[in-house]
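**Student:** Sharing a structure below in structure tokens format, with a few things to ask.
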Amino acid sequence: MHLSSLKNMERFRDKYLGNQIEGNINIVDLGSTEMGACYRPIFNNPKWNYNGFDLEPGPNVDIVLKHPYDWSEIQNNSVDVFISGQVLEHVEYFWLTALEISRVLKPGGLACLIAPSSGPEHRYPVDCWRFYPDGMRTFAKLARLHCVEVYTNWEDTSDPGSDLWHDTVLVVRKPVRSLIKSVGVYVLQRIQLRMMSVAML
């Protein structure tokens, strides 16, 4: 994992979680396998519960997901903070991932997603996408999540490992809805997930 990705995640922590330092929060890291570095040290707080999720066992993986787009291991409305970096470009059907993020986040919960806007092909096992701010806004819109902030690291930093990728960062918040509207959105998104999953067959 390159340096700018770590710095972007540190910025997210400092800007959005600073007032929750003393609170108990549940943090999920999707695609958490450590490859040179990982986000776990950034969220090292005794009152924060960090869990790394991935599709295969490995370093910094606490829970192995059985299915890439149906995370039965994570309960509805159970996650305070959802993070993921350098993963979305490897997700074939990232719109299904967007729906699952929406499902697992608590009302008012935050997500920070980091993905490259450029860089060479790096299959793991596939390399499908690059993301600009408008693409990330559309990701949030599809998931019915409020876009809090989105930006791309366009400027060079003199770190070749970071400047190669020019990461785009998305911060979203799950709206607090009435019970009726929450149930309606949940049902609609489950229908969307099933219909789009069938279309993949």
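**Student:** Could you run through the stretch 1-36 and say how many residues are farther than 23 Å from Tyr69 by Cα and either among the charged types (D, E, K, R) or in contact with a Cys (Cβ under 7 Å, 6 or more places away or on another chain) (or both)?
**Tutor:** Here is the first cut: in the stretch 1-36, the residues farther than 23 Å from Tyr69 by Cα are 1-25, 36.
With the extra rule that they be either among the charged types (D, E, K, R) or in contact with a Cys (Cβ under 7 Å, 6 or more places away or on another chain) (or both), the set shrinks to 1, 7, 9-15, 22.
Number of matching residues: 10.
**Student:** Only one of His2, His67 is modelled with pLDDT under 95, farther than 24 Å from Ser118 by Cα and either surrounded by 13 or more Cβ atoms within 10 Å (Cβ to Cβ) or over 14 Å from the mean Cα position of the chain (by Cα) (or both); which?
**Tutor:** Just a single option satisfies the conditions, and that option is His67.
**Student:** Shifting gears a bit: What about Asp156, is it buried (at least 16 other Cβ atoms within 10 Å of the Cβ) and out of contact with any strand residue (DSSP E or B) (no Cβ under 9 Å at 6 or more places or on another chain)? First the steps, then the outcome.
**Tutor:** Working: buried (at least 16 other Cβ atoms within 10 Å of the Cβ): no; out of contact with any strand residue (DSSP E or B) (no Cβ under 9 Å at 6 or more places or on another chain): yes.
Answer is no for this residue.
**Student:** Can you name the residue in the stretch 32-63 that is part of a loop (DSSP other than H, G, I, E, B) and of a type in the set (A, V, I, L, M) and, of all such residues, is modelled with the lowest pLDDT? Walk me through how you get there before you give the answer.
**Tutor:** In the first step, residues of the stretch 32-63 are kept if they are part of a loop (DSSP other than H, G, I, E, B); the result is 32-39, 44-47, 55-62.
Now restrict to residues that are of a type in the set (A, V, I, L, M): 35, 37, 55, 61.
On the way: Met35: 90, Ala37: 94, Leu55: 95, Val61: 97.
The qualifying residue modelled with the lowest pLDDT is Met35.
**Student:** Further question: Of the residues Asn49, Asn76, which is touching a strand residue (DSSP E or B) at 6+ places or on another chain (Cβ under 8 Å) and either over 22 Å from Leu6 (Cβ atoms) or of a type in the set (S, T, N, Q) (or both)? Write out each step before concluding.
**Tutor:** Details: Asn76 fails: touching a strand residue (DSSP E or B) at 6+ places or on another chain (Cβ under 8 Å).
Answer to the selection: Asn49.
**Student:** In the stretch 18-31, what count of residues is obtained for those that are part of a loop (DSSP other than H, G, I, E, B) and under 16 Å from the mean Cα position of the chain (by Cα)?
**Tutor:** Looking only at the stretch 18-31, we keep the residues that are part of a loop (DSSP other than H, G, I, E, B), and these are 21-24, 31.
Keeping just the survivors that are under 16 Å from the mean Cα position of the chain (by Cα) gives 31.
Selection size over the stretch 18-31: 1.
**Student:** Across the stretch 113-124, which residue is farthest from the chain's Cα centre (by Cα) among those that are buried (at least 19 other Cβ atoms within 10 Å of the Cβ) and closer than 13 Å to Gly31 by Cβ?
**Tutor:** By that ranking, first place goes to Ala115.
The values are calculated or read from the model by the stated rules, or taken from the named source; none is laboratory data. Keep in mind it's a predicted model, so treat the numbers as computed, not measured. Here Cβ is always computed from backbone atoms with ideal geometry, including for glycine, and neighbour counts include all displayed protein chains.
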